[in-house]
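The block underneath contains the structure these notes are about, expressed in structure tokens.
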Amino acid sequence: MIVPATISERLAASALVGYLAAVEATLKPLFPDITVRQHPGRIDVSDIVEKDIFTPPMIALAAVKWKLDGDLAGSWDLPVEAAAYIVTEDMALGGRAWRRQEVAHALSVGLLGVLGDLDASRWGLLRIAPPQKVEARPLFTSEVFAKGAAYYVVTWEQTLKGFGSSPLERPPIAEPQIFDFDGEPVDDSDGAPV
């Protein structure tokens, strides 16, 4: 049964808040020279053109869609569509110049590797399915590219499992009782036809 809860209680119990924090905590040490942080939602390219809100190189994590996947028993799962926005610029590393798209390709393939790893892609959580529908793609316009940055996105779906109440208690189904012509119960436990 649903009970009232304060914002603080809902924050403490939120699987989605915990999921994003776990993804961030897992990725930070795996990408030590990149800023990894959460982002409030989907990146709109027109906003990028107007404001410089990302400092490359960076991975910005967001949940861009989540939904109820439930059944009549009162239990449900939470499928989440997640995105890791990769922001890069031309860089000089190891005495060599690298184009921003090369840096983005390397980072996106690195993220795909994390998502393909059985342990890392569970983010230290217990009730979680492996990532599905994992893909990477460019996400920028010529205006953004002209400003010296490149934006790519890695997306995946992942299901957080086991929410809601336990299955409804159903009364046990009794074996059918057979009665004789006088209304008295007949013992048919030997399985013989009556």
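Any residue in the stretch 150-177 that is farther than 18 Å from LEU78 by Cβ sitting within a Cβ distance under 6 Å of a residue that is surrounded by fewer than 11 Cβ atoms within 10 Å (Cβ to Cβ) and at pLDDT 65 or above? List the pairs, counting only those 6 or more apart or interchain.
GLN177/PRO185
Among (1) outside any helix (DSSP H, G or I); (2) touching a Phe, Trp or Tyr at 6+ places or on another chain (Cβ under 8 Å), which single condition is GLY110 missing?
(1)
Every residue in the stretch 144-158 that is at pLDDT 90 or above and open to solvent by 30 Å² or more (accessible area, probe 1.4 Å), please.
GLU157
Can you pull out the residues in the stretch 123-138 that are open to solvent by 70 Å² or more (accessible area, probe 1.4 Å), free of Cβ contacts under 8 Å to residues at least 60 places away in the same chain and not hydrophobic (A, V, I, L, M, F, W, C)? Steps first, answer last, please.
In the first step, residues of the stretch 123-138 are kept if they are open to solvent by 70 Å² or more (accessible area, probe 1.4 Å); the result is 124, 126-127, 132-133, 135, 137-138.
Now drop any that are not free of Cβ contacts under 8 Å to residues at least 60 places away in the same chain, which leaves 126-127, 132-133, 135, 137-138.
If the condition is that a residue be open to solvent by 70 Å² or more (accessible area, probe 1.4 Å), free of Cβ contacts under 8 Å to residues at least 60 places away in the same chain and not hydrophobic (A, V, I, L, M, F, W, C), then ARG127, GLN132, LYS133, GLU135, ARG137, PRO138 are the ones that fit.
Considering only the stretch 159-194, how many residues are among the hydrophobic types (A, V, I, L, M, F, W, C) and modelled with pLDDT of 80 or more?
Going through the stretch 159-194, the residues among the hydrophobic types (A, V, I, L, M, F, W, C) turn out to be 160, 163, 168, 173-174, 178-179, 181, 186, 192, 194.
Keeping just the survivors that are modelled with pLDDT of 80 or more gives 160.
The total comes to 1.
For (1) of a type in the set (Gly, Ala, Ser); (2) touching a Gly at 6+ places or on another chain (Cβ under 6 Å); (3) part of a loop (DSSP other than H, G, I, E, B); (4) loosely packed, with under 11 Cβ neighbours inside 10 Å, each residue gets a yes or a no:
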position: PRO4; (1), (2), (3), (4): no, no, yes, yes
position: LEU11; (1), (2), (3), (4): no, no, no, no
position: GLY18; (1), (2), (3), (4): yes, no, no, no
position: VAL23; (1), (2), (3), (4): no, no, no, no
position: LEU27; (1), (2), (3), (4): no, no, no, no
position: VAL36; (1), (2), (3), (4): no, no, no, no
position: ILE43; (1), (2), (3), (4): no, no, yes, no
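The values are calculated or read from the model by the stated rules, or taken from the named source; none is laboratory data. Remember, it's a predicted structure, so these values are computed and weren't measured experimentally. Using ideal geometry, Cβ is built from the backbone for each residue, glycine included, and neighbour counts are taken over all protein chains shown. Surface areas here come from the heavy atoms of the whole protein model, side chains and all, with no ligands, DNA or RNA. Shrake-Rupley method; radii C 1.70, N 1.55, O 1.52, S 1.80 Å.
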